[in-house]
1. Would you pick out the residues in region 10-39 that are more than 16 Å from ARG108 (Cβ to Cβ) and surrounded by fewer than 17 Cβ atoms within 10 Å (Cβ to Cβ)?
2. Which condition number in (1) out of contact with any strand residue (DSSP E or B) (no Cβ under 9 Å at 6 or more places or on another chain); (2) surrounded by fewer than 20 Cβ atoms within 10 Å (Cβ to Cβ) is the one that ARG42 fails?
3. Which of the residues spanning region 60-77 are part of a loop (DSSP other than H, G, I, E, B), at pLDDT below 95 and either closer than 16 Å to ALA104 by Cβ or within 13 Å of the chain's Cα centre (by Cα) (or both)?
4. Which residues, counting only those in region 88-132, are surrounded by 14 or more Cβ atoms within 10 Å (Cβ to Cβ) and either among the acidic types (Asp, Glu) or not in a helix (DSSP H, G or I) (or both)?
5. Would region 21-41 turn up any residue that is touching a Pro at 6+ places or on another chain (Cβ under 9 Å), of a type in the set (Asp, Glu) and touching a residue at least 60 places away in the same chain (Cβ under 8 Å)?
6. If we scan region 53-61, do we find a residue that is surrounded by fewer than 16 Cβ atoms within 10 Å (Cβ to Cβ) and in contact with an Asp or Glu (Cβ under 8 Å, 6 or more places away or on another chain)?
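The values are calculated or read from the model by the stated rules, or taken from the named source; none is laboratory data. Please read these numbers as outputs of a predicted model, since none were measured by experiment. Every residue, glycine among them, receives a Cβ derived from its backbone with ideal geometry; neighbour counts consider all protein chains shown.
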Amino acid sequence: MKACEALAEAMGLLRSDVPAAYFRIVDELDGLAVAIDVQGERFVAAAAGSELRLDADAATPSAWLCTDRATVLMLVDGALTQLDAVLDRRLDLRADAALLDRLARAGRAFGDGALRAPRCRALLDRLRASWG
């Protein structure tokens, strides 16, 4: 399973199961484009209005996030915090300092929502099996 597919499915689950979390994420990312690289798989997450789009590229990303699959799984499992991932250089986040709070709040909203969305567990199990 590709990271982009997993994120798209997770966002769909959040939108239907925990809409408050979905709309907090979209609100925090509104007007931004985040270039994401998970172990060489590259895509862009961009929010506008009430939608989060995931696609191959965007004109000018506002932030860049680079990590690997093992780190993604550790973050999802709670075995690693976002801060520790950055400090351990397992997650590289590059953005204007003024955007860091918004990006961190979007990440927390995603984590909080995924914990409350019962169907996210099955998605994580499939992702882990695919990446194992």
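1. Of everything in region 10-39, those that are more than 16 Å from ARG108 (Cβ to Cβ) and surrounded by fewer than 17 Cβ atoms within 10 Å (Cβ to Cβ) turn out to be GLY12, SER16, ASP17, PRO19, ASP30, GLY31, ASP37, GLN39.
2. All conditions pass for ARG42, except number (1).
3. Let us first name the residues in region 60-77 that are part of a loop (DSSP other than H, G, I, E, B), namely 60-62, 68.
Checking which are at pLDDT below 95 leaves us with 60-62.
Matches in region 60-77: SER62 only.
4. Scanning region 88-132 gives ARG90, LEU91, LEU93, ALA95, ASP112, ALA117, ARG119.
5. Looking through region 21-41, none of the residues is touching a Pro at 6+ places or on another chain (Cβ under 9 Å), of a type in the set (Asp, Glu) and touching a residue at least 60 places away in the same chain (Cβ under 8 Å).
6. The answer is no, given that none of the residues of region 53-61 is surrounded by fewer than 16 Cβ atoms within 10 Å (Cβ to Cβ) and in contact with an Asp or Glu (Cβ under 8 Å, 6 or more places away or on another chain).
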